[in-house]
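The values are calculated or read from the model by the stated rules, or taken from the named source; none is laboratory data. Nothing here was measured: the structure is a model prediction, and the numbers come from that model. We place every Cβ from the backbone using ideal geometry, glycine too, and count neighbours over all the protein chains shown. Remember, those area values only see protein heavy atoms, side chains included, never the ligands or the DNA or RNA. Shrake-Rupley method; radii C 1.70, N 1.55, O 1.52, S 1.80 Å.
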Amino acid sequence: MPGKLKVKIVAGRHLPVMDRASDLTDAFVEVKFGNTTFKTDVYLKSLNPQWNSEWFKFEVDDEDLQDEPLQITVLDHDTYSANDAIGKVYIDIDPLLYSEAATVISGWFPIYDTIHGIRGEINVVVKVDLFNDLNRFRQSSCGVKFFCTTSIPKCYRAVIIHGFVEELVVNEDPEYQWIDRIRTPRASNEARQRLISLMSGELQRKIGLKVLEMRGNAVVGYLQCFDLEGESGLVVRAIGTACTLDKLSSPAAFLPACNSPSKEMKEIPFNEDPNPNTHSSGPSTPLKNQTYSFSPSKSYSRQSSSSDTDLSLTPKTGMGSGSAGKEGGPFKALLRQQTQSALEQREFPFFTLTAFPPGFLVHVGGVVSARSVKLLDRIHNPDEPETRDAWWAEIRQEIKSHAKALGCHAVVGYSESTSICEEVCILSASGTAAVLNPRFLQDGTVEGCLEQRLEENLPAGCGFCHIPYDELNMPFPAHLTYCYNCRKQKVPDVLFTTIDLPIDATVIGKGCLIQARLCRLKKKAQAEANATAISNLLPFMEYEVHTQLMNKLKLKGMNALFGLRIQITVGENMLMGLASATGVYLAALPTPGGIQIAGKTPNDGSYEQHISHMQKKINDTIAKNKELYEINPPEVSEEIIGSPIPEPRQRSRLLRSQSESSDEVTELDLSHGKKDAFVLEIDDTDAMEDVHSLLTDVPPPSGFYSCNTEIMPGINNWTSEIQMFTSVRVIRLSSLNLTNQALNKNFNDLCENLLKSLYFKLRSMIPCCLCHVNFTVSLPEDELIQVTVTAVAITFDKNQALQTTKTHVEKSLQRASTDNEELLQFPLELCSDSLPSHPFPPAKEHLESASSNSGIPAAQRAVTVEKASPMGEGNFRNRSAPPCANSTVGVVKMTPLSFIPGAKITKYLGIINMFFIRETTSLREEGGVSGFLHAFIAEVFAMVRAHVAALGGNAVVSYIMKQCVFMENPNKNQAQCLINVSGDAVVFVRESELEVVSTQQPTANCQPSCTGGEVTT
Amino acid sequence: MTSELDIFVGNTTLIDEDVYRLWLDGYSVSDAVALRVRSGILEQTGATAAVLQSDTMDHYRTFHMLERLLHAPPKLLHQLIFQIPPSRQALLIERYYAFDEAFVREVLGKKLSKGTKKDLDDISTKTGITLKSCRRQFDNFKRVFKVVEEMRGSLVDNIQQHFLLSDRLARDYAAIVFFANNRFETGKKKLQYLSFGDFAFCAELMIQNWTLGAVDSQVDDMDVDLDKEFLQDLKELKMLVADKDLLDLHKSLVCTALRGKLGVFSEMEANFKNLSRGLVNVAAKLTHNKDVRDLFVDLVEKFVEPCRSDHWPLNDVRLFLNQYSASVHSLDGFRHQALWDRYMGTLRGCLLRLYHD
């Protein structure tokens, strides 16, 4: 079924001089789509031609519309010889294919040449007329929306989250075709760019078809990568999460939250015993938010009230209400059963999301990962995808079984990656094993979703941490304790996850970026022997990376990692491991023990002394870090119990927090068992090095924070000043006597220096937080290590923070009386434990959680949470904010985050997925490797911005540089670089009155919730 | 371990004003790093020298890439490669086109040619400004000159439009272009006491009154070239000194009016004929290009120096020049009143500005 693509070439500017004699250019344009080509007239002798062409019309299948890019070539007319190409523009017209995105692409595009870079700009207008297609057997999937964002996009709500979609396509790499020997580098690069563009289109279309089959309408957390396998081909593969999304129509969406009764449930049985308690209260929570039917932020308040009414209002959706609110064993079992059935049909119950609708995530089991080493030259039929499909299926199967071992039926925060060196390829997959609430996974909940009050009586802020596996039959040895938050359920001592910190997690203090870095030398070998060597090394690397992470986490005085990403890179003669994560202190988990150093030769006096010196240093560091990151859990709890009105700062922190968590597992037993304190045995110089390296990580200078997750716990008052950046470093190792230690030191220094440089460069933004810090390592050659970092620096406002806190204090003052009343109505069992006069610790803990969680009506909590993420729905109300009247030439913001601080995303315009190759044969003239790459990355940013602006957008969110492959040959004065970036083009509106809103809103919202509370009691 | 490659690219291009200044001043990366270290930045930020080196390199690379665009500032505004807030763009341009007083005094009025460019070495040594910075400034002068040289319309407006400079800086450039085009001699020893500001002031007056643009705003080169016809006509003024009666009458008119008002009356009276001859002869000579070039030398020699040697206070000079110009209107035998006003109005302004130590 056809569509009509219409293209108009308006003008060009800043064209290069193509005719030396006249210093001018006779430019014309070829517009190509599929096999059809149109040409404009030649505009003689101008560097700023005005073609003002007619509309070129292409009548094409929508299948082609999805696969093919529009190709615009600018040429210089030459009467006597062949016309010279000035450069090209590829335009992905996919955003025009679904109704809610862009309607027209119009703007100035940089004209790009793979040898010369950007050479002027061209103004183009593109439109598509799509005819409605009712053909059920169609090959196209127009209309399926794609999002790179790994959470539900801000102006949508998730009706159903269907699950994992993946696809992989293979082609011969043009660079390795025989014809490449005779064609120019430019032709070869363009063939590659075009091929990848085509393959991406095809891949996206195929994934879209799968989504339609699942009856979804969108893919969220779409991650597309390409593998340059060399001789065996070029693979483009993608994974994502199929969803059914509903567009939120208006600010009214927020209103339900206000009305949402704060009748939150309280868990009577909680103080009894962790085990099966069936007297759970029913469904309590109102759905306080526009998007999802229930929210985890409902705290238990003690009004054990009106669950019945709530229930009656709730259409039974078959599965939901029955199981409502059972906590503990039976509930878990039931839940698991249901979810399992929901997930069973699915081959892989994986989700690429890292942040979830409230209530979606029930428990987190831990990190699961799998790797496998493959030989590319053993692929039987390299042109077909079967072999690779089988490889990935195998790995996913492994992940699935790991998750099962953890008592989990699903994997969230799932991602896949490869590392290729010559014919060896390491495939990696990792994610976080989890137990999910079935409600979002089912069809038929569409209606119910809105009104359904779910039962979710999982304690807000700590439910995620509770172990999903059977305590008596643990998959690995772990040290379990009762949850420090609810005291009901068991939690592990340390949790590792690949997901973002849930917004409602209870966190104490601030978080920080934690990295483990590791190099291992490997003998150069061929084929099978090489693969075996690598396979043998992998478990050791994983173990060491894990140990390092654990040590560093303890050194920071923290107990959980979020956003964990372990990258293992293979090179000719070494393996590199780089793990990045954000460490936090989860209130629900026990305080981490210290690090104990033990020497092996206790009789040597000076040695003893040395050891004790080290020990002191470590202890000092831990103490310093606790102060730095404001981690002071026990004291806090005491204070809170002592006085009904907690200290403002602590209060706000508690409000904001809450977390999900997990502990971690891979195939190896990496957990460190029952030791209370972590013991490092210094038995050789290696271990000594390790301890030293622990202490060499310097904390960021004051005023700086860093994390690799979306938001930083403890900071909620972002300003709109953001700076996204990419930094690349390559070091050459001296090839002489390379040892593991020397390598480790080099690598460690490289990363640390890079961070130091970033802090220095961004010093004008203090106080500031580097968010979503994303490191990637590659080994382009024998002695080269390349590290690429992309992150965003966001300034926050210290003063504003104080204000917000103040309003919280007022709030809590207002509420103090209510709190007390509520206290009296506590069911007896709980009361006895929780009366403030009872001094013993468990009670205190409990009360603390009670007061911090339940004292505040749900709606209000929601507001607080929203403030933590500046894009919170709270801001929806602020419609009056005028759209940013930006007079300057189309500023386009870019950020790896899913939101823009201080602004509201009003529209998603479509996915940006671009691939560029740049090559030079005059490396020195272009400023050497640094000059070359600096210019290229700047050009890539420019092209992304231009495309977004042409779609009518003013920002890219969830921006990611997925690949930056750099190769140089200084002797030949040559270099080549391939870059692949993606993100979501959006329109945002600045919240210019953000401050006013944030101070007023709580009041506004407080009213209804308080009323709700009264009604129920 | 050596760093092969080290870059930082922001979505918004980071501009460090201090580093920009060092770059504009022509310091090499290592000199710039040394200067930054001396500024105490390491202590303030706790950074290391290596970090500073890498940072400086990055900025230098960025500036180097921006330089091409700075050569045609409107391009900087429309280009897509570097996202720079407008205020920063203005700063980049303004600083790039700013020049050193010491440098401009050396090249003011010189032909902006390759020959002059070769002399930049000497200028650099003499002024202590790095050769690189001298080259940038020279190239800026030359670039602006080339672009506006043959353009129609107001010189200042043209410069502002094509180089997006502030009003102040555009006026300075207009003076530079005007001087370069007319090749006024400014380097003579006796002119050394004059600042660029003095010359720029004169240039502005001359552009306003003595160029083609002063009479007709629709001609090419209007603000750059002096009005040839006007210069020709200036010969007519010669009768003011050639006609003895006229000269005497002129003198007596001036002396009558100023008697008792000048502290240096007797000196003025004694010198009147010399001064008047000097001023009128300067006018009459302006038909020859060579003499046009020497305008300032002549003015200083024929007027400024004699007055200065007699210690005329500035106010007396003003009173004298006013009266000297005005009295001509009362000379019945003199018909070129308009011409005289056009000449003397400007000259009076210039002389007053030039008259200082």
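Among the protein heavy atoms, those of A:Phe147 account for about 10 Å² of accessible surface (1.4 Å probe, every chain in place). Interface residues of the stretch A:924-940, defined as those losing at least 40 Å² of solvent-accessible heavy-atom surface relative to the isolated chain (probe radius 1.4 Å), are listed as A:Ser930, A:His934, A:Ala938.
Once the partner protein chains are put back, the stretch A:746-760 shows a loss of at least 20 square angstrom of accessible area, versus the chain by itself, at A:Asn746, A:Lys756, A:Ser757, A:Phe760 (probe 1.4 Å, ligands and nucleic acids excluded).
Association of chains A and B removes close to 3700 square angstrom of accessible area from solvent, both sides included, for a probe radius of 1.4 Å.
Would you please state the base-10 log of I(q)/I(0) at q = 0.34 1/Å for the stretch B:86-129, with intensities from the Debye formula using one equal scatterer on every alpha carbon? Those come out to -1.16, one per q. For the stretch B:15-82, the ratio of Cα radius of gyration to the globular rule of thumb 2.2 N^0.38 Å stands at 1.23.
Karplus-derived 3J(HN,Hα) values for the stretch B:79-95, using 6.51 cos²θ - 1.76 cosθ + 1.60 with θ = phi - 60°, are 5, 10, 6, 10, 8, 10, x, x, 5, 6, 4, 4, 5, 4, 5, 4, 5 Hz; glycine and proline are entered as x. Across the stretch A:1-136, the relative contact order, built from alpha-carbon pairs under 8 Å that are at least six residues apart, equals 31 percent. Proximity of backbone amide H atoms, modeled 1.01 Å from N, is registered between A:His77 and A:Asp26, A:Ala27, A:Phe28 at under 5 Å, excluding neighbours fewer than 5 places apart on the same chain.
Residues of the stretch A:941-990 buried by at least 10 Å² of accessible area upon assembly of all protein chains, compared with the chain on its own (1.4 Å probe): A:Phe941, A:Ala942, A:Arg945, A:Glu968. When the listed pairs A:Lys554/A:Lys745; B:Lys189/B:Lys302; B:Lys244/B:Lys273; B:Lys190/B:Lys285; A:Lys552/A:Lys798 are checked against a 18 Å cut-off, the alpha-carbon distance exceeds it for A:Lys554/A:Lys745; B:Lys190/B:Lys285; A:Lys552/A:Lys798.
With q set to 0.10 Å⁻¹, the log10 of I(q)/I(0) for the stretch B:1-134, from the Debye formula over equal scatterers at the Cα positions, is -0.41. Phi angles across the stretch A:146-162 convert, under the Karplus curve 6.51 cos²θ - 1.76 cosθ + 1.60 with θ = phi - 60°, into 3J(HN,Hα) values of 10, 9, 7, 3, 9, 9, 5, x, 4, 9, 10, 10, 8, 8, 9, 10, 6 Hz, Gly and Pro given as x. Note: relative contact order over the stretch A:20-91, using C-alpha pairs below 8 Å and six or more positions apart, is 32 percent.
Listed cross-link partners A:Lys400/A:Lys893; A:Lys88/A:Lys893; A:Lys522/A:Lys624; B:Lys188/B:Lys251 are compared with a 28 Å cut-off, the Cα-Cα value being larger for A:Lys400/A:Lys893; A:Lys522/A:Lys624; B:Lys188/B:Lys251. Annotation: amide H of A:Asn559 within the under-5 Å range of A:Val584, A:Tyr585, A:Leu586, sequence separation 5 or more or interchain, hydrogens built in the peptide plane. Taking the alpha carbon gyration tensor of the stretch A:380-443, multiplying each eigenvalue by 5 and rooting it gives semi-axes of 29, 14, 10 Å, largest first.
How much accessible area does A:Lys127 have with a 1.4 Å probe, in Å² rounded to the nearest 10? Rounded to the nearest 10, that gives 80 Å². Ordered from largest to smallest accessible area (heavy atoms of protein chains, 1.4 Å probe), the residues B:Asp310, B:Asp119, B:Asp223 come out as B:Asp119, B:Asp310, B:Asp223. The heavy atoms of A:Trp391 offer some 30 square angstrom of accessible surface to a 1.4 angstrom probe. Using a probe of 1.4 angstrom and keeping all protein chains present, the accessible surface of the stretch B:99-208 works out to 44 square angstrom per residue.
On a per residue basis, the convex hull of the C-alpha atoms belonging to the stretch B:68-220 measures out at 117 Å³. Heavy atoms only, probe 1.4 Å: what % of the accessible area of chain B goes to carbon and sulfur, would you let me know? C and S fraction of accessible area: 50 percent.
Protein heavy-atom accessible surface, 1.4 Å probe, per residue over the stretch B:15-82: 44 Å². Put simply, when A:171-182, B:150-161, A:207-218 are sorted by average Cβ atoms within 10 angstrom per residue, most first, you get A:207-218, B:150-161, A:171-182. Per-residue mean of foreign Cβ neighbours for B:44-51 is 5 (Cβ atoms of other chains, 10 Å radius).
For the pair A:Glu721 and A:Val125, label points projected 7 Å from Cα toward Cβ lie 4.0 nm apart. Residues in the stretch B:194-201 carry Karplus couplings, in order, of 7, 8, 4, x, 4, 5, 4, 4 Hz; the curve used is 6.51 cos²θ - 1.76 cosθ + 1.60 with θ = phi - 60°, and Gly or Pro positions show x. Less than 5 angstrom separates the built amide H of A:Gln489 from those of A:Cys483, all sequence-distant by 5 or more or on a different chain. Here the stretch A:1-136 is described by how far its Cα atoms reach on the three principal axes: 59, 27, 27 Å, from widest to narrowest. Equivalent-ellipsoid semi-axes for chain B (Cα gyration tensor, √(5λ), whole Å, largest first): 50, 22, 16. Which links in B:Lys75/B:Lys111; A:Lys761/A:Lys904; A:Lys6/A:Lys210; A:Lys6/A:Lys39; A:Lys510/A:Lys626 stretch past 19 Å when you go from one Cα to the other? Flagged as over cut-off: B:Lys75/B:Lys111; A:Lys761/A:Lys904; A:Lys6/A:Lys210.
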